[in-house]
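Input: a single structure, listed below in structure tokens.
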């Protein structure tokens, strides 16, 4: 495994965007060579981690379910190479923007604005939202369960998929944690954060838009004994980020001016802008490579924010990953 190149500090820190939002041309179809998209499903009955039977789920959510997986293999992929990849929560998510960015930026000649030929793996959530839901269990729980599910169940399913194998007989994904990213918005952003935090040996690049770094963990989850305020503990209470050794992570966080819970007091533990602002401050204090974007005149998981920032976010997130080294 080749070492990651020094990314430097360019693009680190706090930035503000808006109120004018235009789409970055690199998120559109500019005629670059296209990759191939593959879709398949996974059944909860085949999972050892998320079976739809967890006792924290509300009764109406305790049932088997199907989960859609969407994979994009870019044109730049060479069969047999171990591809870097990004997990996209709430799949397919902003799949069109992401695939266009990879198409355009993986062939960019600008050394400061490039991406490796990333494979996208968009993973649908298990359904519903917040406490007592399968999505809440997967995304808002402060544990490594989701990271293990992705690593131990989703990735093997991708590698074993017959349609992908027919197109790329030697298809492979990198085991290098610096070549593995997680992307999400809202609880999907919290999920991306927790995948990196709890398993930096597996995932080290994090993109969290409007992240639900608030108390949305199930009240009867066993993790409550350790993290009683759920993801709020990253930045307040026990100050999880500040009180631990700096981990090998590269983290993007974001909040909108009119994000969720903007007027709720701190003691409610449900203020999205406050949560992400304080998370960014804690990351700065611990000398993480981090980028915090605050978008004015915008809302929770605002598409206009993706239009404006997503290409820059991807470029910053993947700085230091030199494809020529691999």
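The values are calculated or read from the model by the stated rules, or taken from the named source; none is laboratory data. These numbers come from a predicted model, not from an experiment. Every residue, glycine among them, receives a Cβ derived from its backbone with ideal geometry; neighbour counts consider all protein chains shown.
Numbers for the structure displayed
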item	result
Any chance residue 173 is closer than 15 Å to residue 121 by Cα, surrounded by fewer than 24 Cβ atoms within 10 Å (Cβ to Cβ), without any contact (Cβ under 8 Å) to a residue 40 or more places away in the chain and touching a strand residue (DSSP E or B) at 6+ places or on another chain (Cβ under 8 Å)	no
Residue within the stretch 66-87 that is modelled with pLDDT of 95 or more, buried (at least 20 other Cβ atoms within 10 Å of the Cβ), farther than 22 Å from residue 162 by Cβ and under 21 Å from the mean Cα position of the chain (by Cα) present	yes
Only one of 140, 144, 152 that is surrounded by fewer than 18 Cβ atoms within 10 Å (Cβ to Cβ) and closer than 29 Å to residue 292 by Cα	144
Every residue from the stretch 43-65 that is within 23 Å of the chain's Cα centre (by Cα) and either surrounded by 12 or more Cβ atoms within 10 Å (Cβ to Cβ) or under 18 Å from residue 124 (Cβ atoms) (or both)	43, 44, 47, 49, 50, 51, 52, 65
Residue that is nearest to residue 294 (Cα to Cα) [pool: residues in the stretch 14-42 that are exposed (fewer than 13 other Cβ atoms within 10 Å of the Cβ) and more than 22 Å from the chain's Cα centre (by Cα)]	19
Meets criteria (in a helix (DSSP H, G or I) and crowded, with 23+ Cβ neighbours inside 10 Å) for residue 102	yes
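Quick grid of which residues meet (1) in a strand (DSSP E or B); (2) within 28 Å of residue 104 (Cα to Cα); (3) in contact with a helix residue (DSSP H, G or I) (Cβ under 8 Å, 6 or more places away or on another chain):
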site: 273; (1), (2), (3): no, no, no
site: 278; (1), (2), (3): no, no, no
site: 284; (1), (2), (3): no, no, no
site: 293; (1), (2), (3): yes, yes, yes
site: 298; (1), (2), (3): yes, yes, yes
site: 304; (1), (2), (3): no, yes, no
site: 308; (1), (2), (3): no, yes, no
site: 313; (1), (2), (3): no, yes, no
